[in-house]
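Derivation of every value follows stated rules applied to the coordinates shown; laboratory data play no part. The structure presented is a predicted model; accordingly, all values stated were derived computationally and were not measured. When we count neighbours, we look across all protein chains shown, and the Cβ atoms used for this are built from the backbone with ideal geometry, even at glycine.
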Amino acid sequence: MIRFVNVNKEYKNGVKALSNINLFIDKGEFVFLVGPSGAGKSTLIKLILKEENPTEGRIYLNNRDITYVKNRKIPYIRRSVGVVFQDFRLLPNKTVYENVSFAMEIIGAHPKDIRRNVPMVLSMVDLSDKAHNYPHELSGGEHQRVAIARAIVNSPPILIADEPTGNLDPETAWGIMKVLRDINRRGTTILMATHAKDIVDAMKRRVVEIEKGVIVRDEEKGVYEHEIPGY
Amino acid sequence: MSMRFRVIKNILKQGFKGLWRNKGMGLASVTSITAVLVILGIFLILILSLNNVVMDTREKFDEVQVFLEDEITASQIEEIENRVKESDKVISVIFKSKDQALEEMKKSWGDEGYLLNGLETNPLPHTLIIKLKDIEYADSVAKSIENMEGIEEIQYNQDIIEKLVLFSNYIRNGGLVVVSILLLVSVFIISNTIKLTVTARKTEINIMKYVGATNGYIRGPFVIEGLLFGLIGAVISILIVSYGYNYFFNAASDKLYVLFTVYLVPPKALMKDVMIIFIAIGAGIGALGSLVSMKRFLNV
């Protein structure tokens, strides 16, 4: 599904963000990406979304080499990856329904499909009754659930969540995690960058830890931190 | 196919929305385009009319006038006529006596012709009018007879025509410079207007990119918006130029300037070209302005 082979990324200003990254994420996995701020989590996500090109190595997405693609092909790659951000990024002048249907309109979906899919994903994130509310009428958790609905409405095989619970209180964060788990159970591969220790520890999923641009740990059913001797 | 159609429909819808959202700056854009096009129109009319004058002058003045002394004899006149006729550059030679000349002048003065009745003596000379095949032969024909008996003065209008051509070149080049500068200013104003829409829709554009909207889809509405500003400006300036020029033309022909309006391009002959040029330029500036403003934004 996602494969990095010997990937290096050095920014133009000389900062080495990632070194020798080898990573394989299989279809249907739920992977946590952890590590301190500035470790390279965001860079890794940017490489998948084609916001940045790697300096060295190869990147594959859905068995397709996306290391170097023409600019005009990038939108079509992004259609196979849903994204959720820490800051939600909803359009304030559109209702919940419109915020989600917008993602389908952009790719020219049939109105019939829009009318079918939008209510479906809204019920998946438990927001059917808020379909006609505007973002300012929603809570933080509801904001993020709209963002998730928007990310999955075009049924991408991969969902990337960049600190999706970062702005939410613990209880709300758990609500979001339940939604993400449900989406994962339906077959969507999920890669989630996070700092939320208790969530990672409780979910018992694969954990990939990055530090200073290097993968320092990759374990099944992992926890947020390696046991520290003497702790 | 129908997917493409829906995408185009969305782009158009967003374009019109942007047009409405930016009414204020849009007015500035439309005004600047209108101003450029109206000025362009004025130059166009000037240049075309001057061209008319040059062409007409060339035709009218492809002759040499030989003013003769009053005491000239018939044989002397004949001698000059024969000399001139030898040249293959000459079409015809006509003798006009001083009485004929005065009579013609009275006619051309029309109602005021009676004023000439008060003259005690006729001040006009006998004239030989030599029609040439082309004005550029005037010099050599004049030289061939200038030393003959009975000639007072030889007059031709080579220099007038040269001056006219020079003058119309100045007007054309000046117009080109002024219009180019104004075109640049308009592109700048439009691109700034479109930037407002771009900024207003920054989040939306960002989200669009992550959801996989193509650059064309993102750029489309802004190009439409710019194009619409350009077209509105073009339509307004077409109206201004056509009504304005029509009014001016009629007013000028009604009153005393008939001689002058002869040289003006008739409004009807002009309008079709003006419409095509204005719409093309208006749409061009609009689209260019919006592309300029978007360039920086799409590199993500």
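Numerical summary
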| read-out | value |
| --- | --- |
| Computed label-point distance, nm, for sites A:LYS221 and B:LEU102 using a 7 Å Cα→Cβ extension | 13.1 nm |
| Point-charge dipole on Cβ atoms (K/R +1, D/E -1) for the range A:104-231, about Cα centre, debye to 20 | 620 debye |
| Cross-link reach list, aspartates and glutamates versus B:LYS89, counting only Cα pairs under 12 Å and skipping chain neighbours closer than eight places | B:ASP62, B:GLU63, B:ASP134, B:GLU136, B:ASP139 |
| Rounded FRET efficiency, nearest 0.05, which uses the C-beta distance separating A:ASN13 from A:LYS73 and R0 of 25 Å | 0.35 |
| For B:TYR245, B:TYR263, order by how many other beta-carbon atoms lie within 10 Å, fewest first | B:TYR263, B:TYR245 |
| Where labels lie 7 Å past Cα in the beta-carbon direction, separation of B:SER180 and A:SER37 in nm | 5.3 nm |
| Most to least packed among A:139-150, B:212-223, A:68-79 [average Cβ atoms within 10 Å] | A:139-150, B:212-223, A:68-79 |
| Degrees between helix B:98-109 axis and first principal axis of chain B (Cα, 0 to 90, nearest 10) | 30 degrees |
| Reciprocal of mean inverse Cα separation for the protein assembly as shown (Kirkwood radius, Å) | 30.3 Å |
| Compactness of the range B:62-156 as Cα Rg over 2.2 N^0.38 Å, two decimals | 1.17 |
| Residue pairs, from the table A:LYS112/B:LYS295; A:LYS46/B:LYS209; B:LYS13/B:LYS202; B:LYS17/B:LYS202; A:LYS41/A:LYS204, whose Cα atoms sit over 24 Å apart | A:LYS112/B:LYS295 |
| Rounded FRET efficiency, nearest 0.05, which uses the C-beta distance separating B:PHE5 from A:GLU56 and R0 of 45 Å | 0.55 |
| Using alpha-carbon coordinates, inclination of helix B:215-254 to the longest axis of chain B, degrees | 30 degrees |
| Förster radius 60 Å - calculated FRET efficiency between B:ASN122 and B:ILE276 (Cβ-Cβ, nearest 0.05) | 0.65 |
| Extension gain, B:ASP56 back to B:ASN206 (0.36 nm per residue minus Cα-Cα distance, nm) | 47.8 nm |
| Test item: A:84-92 mean partner chain Cβ contacts at 10 Å | 2 |
| Cut-off under 5 Å, modelled amide H: who pairs with A:ILE210 long-range | A:VAL34, A:GLY35, A:VAL216 |
| In degrees, nearest ten, helix B:267-295 long axis to first principal axis of chain B (Cα) | 40 degrees |
| Equivalent ellipsoid, the range A:8-51 (semi-axes from 5 times Cα gyration tensor eigenvalues, Å) | 21, 12, 10 |
| Long-range amide H partners of B:GLU152 with built H, under 5 Å | B:PHE67, B:LEU68, B:GLU69 |
| Spin-label model distance (nm) - B:LEU12 vs A:GLU211, 7 Å beyond Cα toward Cβ | 6.0 nm |
| Normalised per residue, the volume of the convex hull around the Cα set of the range B:114-231 (Å³) | 234 Å³ |
| Distance from the range B:182-260 to the range B:57-100 (C-alpha centre basis), Å | 59 Å |
| Extreme residue, positive dipole direction of the range A:2-219, given options A:PRO164, A:ILE25, A:VAL69 (C-beta unit charges) | A:VAL69 |
| Theoretical ellipticity at 222 nm over chain A - DSSP helices of four or more residues, -39500 (n - 2.57) apiece, nearest 500 | -9500 deg cm²/dmol |
| Unit charges on C-beta of K, R, D, E only; dipole of the protein assembly as shown, Debye | 4840 debye |
| Per-residue mean of C-beta atoms belonging to partner chains within 10 Å, peptide A:101-111 | 6 |
| Built amide H within the under 5 Å cut-off of A:PHE30, gap 5+ | A:ILE190, A:ARG206 |
| Estimated dipole of the range B:62-156 in Debye, rounded to 20 [Cβ of Lys and Arg +1, of Asp and Glu -1, Cα centre] | 280 debye |
| Relative contact order (percent, whole number), chain A, Cα cutoff 8 Å, 6+ residue spacing | 27 percent |
| Selection from A:THR194, B:LEU182, B:LEU264, by position along the positive dipole direction of the protein assembly as shown (Cβ) | A:THR194 |
